[in-house]
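Worksheet for the structure shown next.
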Amino acid sequence: MAQFMMLLHDKLDGFSALSHDEMMSVIKEYTAWTEKMIAEGRFLGGEKLKDEPGRNLLAGTDGIETHAGPFTETNEMIGGYMSIEAADYDEAVKIAKTCPHAKYGRIELREIDPIK
Amino acid sequence: MSAGPDTEVKQTLDRLFRREAGRLVATLTRKLGAHNLTLAEDTAQEALLSASRSWPFDGIPDNPSAWLHTVAYRKAIDLLRHQKVAENAMPALETATAHTPDSLAGITDAELRLVFLCCHTAIPEQDRLALTLHIAFGFSAREIARLFYTGPAAMSARLTRAKDQIKARCLSFDMPTAGELTPRLSSVQKVVYLAFSLGYSPGHGSKAVRSDIAFEALRLAENLTQIPETSGGTASALAALLSFQASRLASRTDTADKFVPFQHQDRKRWDEGLIARGFNHLRRASAAREVSRYHLEAGIASLHALAPSAEAADWQQILKYYQALSDMTASPVVALNHAVAISMAGDNAGAITKLEALSEQKALVGNIYFHTARAEILHRLGRSDDARVAFNKARFSGGSDPDMRYLDLRLSSFD
């Protein structure tokens, strides 16, 4: 089994128009999906990242500079990540398609390179 | 991939968020004092928000309620500490609640205790009912608004006002004294009745029926009959009514989750166990001296339970019950059901006259059930054009998705 990381890109303000009830039902979808992955033994873990700009560290002329943002894409940011187990990319894609985030944001799927 | 486990998790979360929202506020308010109701609400909201942020990535914890309570309490204490109030106020409050004599000691059901705690007699009854449905059952302002024939914004304002009153007058969510228990009982019964109706007929959203809410209300109603301080003829009548109604929950939708009107329900799917429970409660209710509206409604429901088909029910007796119920309640909704019964008893012309007289009633303007009933009766009278207009009015009144699908189906029969 290979391991894959799903980088969850969020559209900025993508959820801000939702009412509390609608938000809760979106969250239920995500939790239901995670619970299902856990039950199938595929879920390796994940973390949500804070909904605020992070810091970018760049090598500049006077050493390492710290910037708040900018993001590579101005209208989205990585909201979190999850890792799952799958046989290969085909299966990982199939699984990632069932993740609610595929509907609400963008998923970047990368295979984890196990360094032995 | 099957939808089964997903749906199950969603239902668990539904129940959890709705039920815990109320419980969190109630326990926090009890621990922090009524003047901290807003703090309790804010921290309960924050705890739910924390859950919604972390559970999608970690799964649901083994004991979600405990998780939520710990998080909410910690947040509240942090905030209080921040306000430099905690050190002084907290120990005093903890001792105060620990030593209050418990008049609800006989009531061991946590949910039922909460309903009693919320049914504060010092605020007006409508506000009290709405607030209890909101805090103890976690219904949203929008859901409660429908019960009181008002809009979500007006209901939000009413809930805020009720909370302000509690704060301003320093009313506490402490245990009611023994003398306070009885005055609260009738409100408690009403709240249980209203919560059941929101489960039986949610009125908006994707489901025609929310069984878990209805069964929770039935459980509370049956608990009321078990406890000496709260039992009695009225409690038994309420339990009878809800048992009979609950017996039909499954048949209110077909296999495709489409709404099935009463006359077309498959009576073989009515739950015999619940019907039997209904008759047991009804026997105890009839032995009491008092007659409540629940007695009359349970009487009507029992006649339906006995009939092999909608047409074969004892409509003359049902009409007598409705007449008594109309006299007792003066409710336009009772009058609406009365008119439907008149039609079922064979007098469609009499039924439509009665309905037209009700059309200006605030509770029935834009009421999907009023317009649907009117449309069906006009249809039976052979007034197809009027029926179609009435079905259209019903279609544009608010209802659940299955209600809408049912009306679309009825409307398509006119094409």
(request) Take the residues in the range B:369-396 that are open to solvent by 10 Å² or more (accessible area, probe 1.4 Å) and closer than 22 Å to B:Ala145 by Cβ, then tell me which one is modelled with the lowest pLDDT. (result) B:Phe396
(request) Select from the range B:55-86 the residues that are assigned to a helix (DSSP H, G or I), within 14 Å of chain A (Cβ to nearest Cβ) and surrounded by 17 or more Cβ atoms within 10 Å (Cβ to Cβ) and list them in ascending order. (result) B:Trp55, B:Pro56, B:Phe57, B:Asp58, B:Trp67, B:Leu68
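Would you check if there is a residue in the range B:35-49 being among the aliphatic types (A, V, I, L, M) and not in a helix (DSSP H, G or I)?
Checked the range B:35-49: no residue is among the aliphatic types (A, V, I, L, M) and not in a helix (DSSP H, G or I).
Restricting to the range A:96-116, count the residues that are free of Cβ contacts under 8 Å to residues at least 24 places away in the same chain and either assigned to a loop (DSSP other than H, G, I, E, B) or open to solvent by less than 90 Å² (accessible area, probe 1.4 Å) (or both).
Number of matching residues: 4.
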(request) Name the one entry in A:Tyr81, A:Tyr30 that is under 11 Å from A:Met6 (Cβ atoms) and either in contact with a Gly (Cβ under 9 Å, 6 or more places away or on another chain) or within 11 Å of another protein chain (Cβ to nearest Cβ) (or both). (result) A:Tyr81
(request) Give B:Ser343, B:Ser400 a once-over and let me know the one that is within 25 Å of the chain's Cα centre (by Cα), surrounded by 15 or more Cβ atoms within 10 Å (Cβ to Cβ) and of a type in the set (S, T, N, Q). (result) B:Ser400
(request) Just need a number here: residues in the range B:302-319 that are within 20 Å of B:Ala373 (Cα to Cα), surrounded by fewer than 19 Cβ atoms within 10 Å (Cβ to Cβ) and within 27 Å of the chain's Cα centre (by Cα). (result) 2
(request) Could you tell me whether the range B:178-186 includes any residue that is out of contact with any Cys (no Cβ under 7 Å at 6 or more places or on another chain), open to solvent by less than 10 Å² (accessible area, probe 1.4 Å) and more than 14 Å from B:Arg113 (Cα to Cα)? (result) no
(request) Among the residues of the range B:346-357, write down those that are farther than 18 Å from B:Ala313 by Cβ and open to solvent by 20 Å² or more (accessible area, probe 1.4 Å). (result) B:Ala349, B:Thr353, B:Lys354, B:Glu356, B:Ala357
(request) Within the range B:132-142, track down each residue that is assigned to a helix (DSSP H, G or I) and surrounded by fewer than 24 Cβ atoms within 10 Å (Cβ to Cβ). (result) B:Ala141, B:Arg142
(request) Evaluate the following for B:Arg289: is it more than 20 Å from B:Ser186 (Cα to Cα) and at pLDDT below 90? (result) no
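The values are calculated or read from the model by the stated rules, or taken from the named source; none is laboratory data. In this text the structure is predicted, and so the values were computed from the model without any measurement. Ideal geometry is used to build each Cβ from the backbone, glycine not excepted, and the neighbour counts take in all protein chains shown. Surface accessibility is based on the protein's heavy atoms, side chains included, excluding ligands, DNA and RNA. Shrake-Rupley method; radii C 1.70, N 1.55, O 1.52, S 1.80 Å.
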